[in-house]
Amino acid sequence: MRSLFAVASRPEIVSLAGGMPNVGALPMDTLGALMSEIVTRHGGTALQYGSAQGDPGLREQICEVMSLEGIDADPDDILVTVGSQQALDLVTRIFVNPGDAVVTEGPTYVTALGVFAAHQAHVVQVGMDRAGVVPEDLAETFARLAAEGRPAKLFYTVPTFQNPMGVTLSSGRRHQILDVCRRAGVLVLEDNPYGLLHYSSEPMRALRADDPDGVVYLGSFSKTLAPGLRVGWALAPAEVRRKLVLAAESAMLSHSTFAQLTVDRYLRTQPWQAQLGEFRSMYRARRDAMLQSLAAYMPQDVSWTIPDGGFFVWVTLPDGLDSKAMLPHALAARVAYVPGTGFYSDGRGRRHVRLSFSFPSPDDIRDGVRRLAEVVGEQERLRDALGCAPTPTKRFMSNSIHLS
Ligand code: PMP
């Protein structure tokens, strides 16, 4: 993945690979003035150590943000983290011992798999369809793991505008999933960085809104403000939150006070809900450009999900094609994507491709999808001629570290 992102960042390549937010759409002058004021007027605090749990004022603001998704929370139960990525790591650190079972959606967020691997978890992935994870499959998985003598410790889910599939757990299934987890006594880890980037209607109700004791909720300002600030959070039941604060203290002493005050001031003084509306229109236009060009250019037997928010479309290639083997051909045609295999812990996903529409312009998206469609068509012709999928021809080299 690292090699891929380095190649994908070359200017001649249209990258539909990384899920970078389009921070260029932010009011930079306003943010600059706000940051400058924080240093000149509140430098004594902003440049000082803070508490491991995070700035109390920001934690109050975070409660307001979460109320948009039906969550009623106490600022005391929030831990501010270095992006939600750190929250994911801390929760795993306190719950998962080597060999413990962690259940995730299949496919799931690649860097969550990295965290679980780092903690030597035994990852089990449960099937998804276009309405999200399948409750019956989840119940069966929990029962099987319990019968094997290693009951699941966590169920990690990105229920809304999932990374990588772009699908959303339906309202009907939300209660079923909570019920299945409650009965099995498994803690839900709800990762929700995209929930407020919805392209129609109202935001989805968070799982946490309906089960304060059974869900640890992870949130982030990376997609709704800026990932460079590295401000995310965990909302957890009090006894879990206390352990998370201790774990955070040993991991980083305190989070950047400056970054926290920046987010706090932004939320208190700027029209952040209007800015969210602008992000939604911009990303919706890019999503539409991607869906229209997939429909216009892709061969008949290619299918894809239709995301109602977030950054990603999940494409299923025709039988016999291999997204990993196809990647060098796509890069030669100057378009990049992430092969589906990155999102499974066991090498599955070869017929899938994750496309992101968050960063390139609509024109670049159309160009990129057209180039990719030509590559897919060419691979189909080769498959038909050879009777099998073509193999990779190149290795790429690089040392970039951008993942998202
Ligand atoms: N969870 C998911 C599903 C993500 O897609 C990402 C970022 N791509 C993260 C967590 C981490 O986000 P951050 O650390 O920037 O808040």
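No value in this document is a laboratory result; all are computed from the given coordinates. Only a predicted model underlies this, so the values are computations on that prediction, with no experimental measurement involved. Positions of Cβ are generated from backbone atoms using ideal geometry, with glycine treated the same way; all protein chains shown enter the neighbour counts.
Just a few scattered comments:
- Sorted ascending by nearby beta carbons within 10 Å, beginning with the fewest, T92, T104, T160 become T92, T104, T160.
- Within segment 28-269, the proportion of C-alpha pairs whose separation exceeds 21 Å stands at 56%.
- Surrounding net charge for R351, when Lys and Arg each add one and Asp and Glu each subtract one, Cβ distance under 13 Å: +1
- Computed 3J(HN,Hα) for segment 270-276, one whole-Hz value per residue from the Karplus formula 6.51 cos²θ - 1.76 cosθ + 1.60 where θ = phi - 60°, is 10, x, 5, 6, 5, 5, 4, glycine and proline marked x.
- Remark: relative contact order (the chain) = 26 percent; criterion is Cα-Cα distance under 8 angstrom and separation of 6 or more residues.
- For segment 28-269, relative contact order (Cα pairs under 8 Å, six or more residues apart, normalised by length) works out to 29 percent.
- For segment 235-271 versus segment 286-326, the gap between their alpha-carbon centres in whole angstrom: 38
- In segment 250-390, the ratio of gyration radius to Kirkwood radius, Rg to Rh, stands at 1.12 when only Cα atoms are counted.
- Orientation-averaged projected area, Cα convex hull of the chain (nm²): 19.7
- Its DSSP H runs of at least 4 residues, each contributing -39,500 (n - 2.57), put the calculated 222 nm mean residue ellipticity of the chain at -14000 deg cm²/dmol, to the nearest 500.
- Cα pair distances in segment 126-237, grouped into 10 Å bins until the bin that holds the longest one, percent each: 14, 45, 32, 9, 1
- Total lysine pairs in the chain at Cα distances under 30 Å, for residues eight or more apart or on different chains: 5.
- Whether segment 196-238 is rounded, prolate or oblate, judged on the alpha carbon gyration tensor where a/c under 1.5 counts as rounded: oblate
- Positive end of the dipole of the chain (Cβ unit charges, origin at the Cα centre): among M128, Q61, A112, the Cα lying farthest that way belongs to A112.
- Rule-of-thumb Rg ratio for segment 76-191 [Cα; 2.2 N^0.38 Å; N residues]: 1.01
- Among beta bridges from DSSP that stay inside the chain, the antiparallel ones total about 50%.
- In this entry, segment 288-359 is assigned a mean projected area of 5.2 nm², taken as a quarter of its C-alpha convex hull surface.
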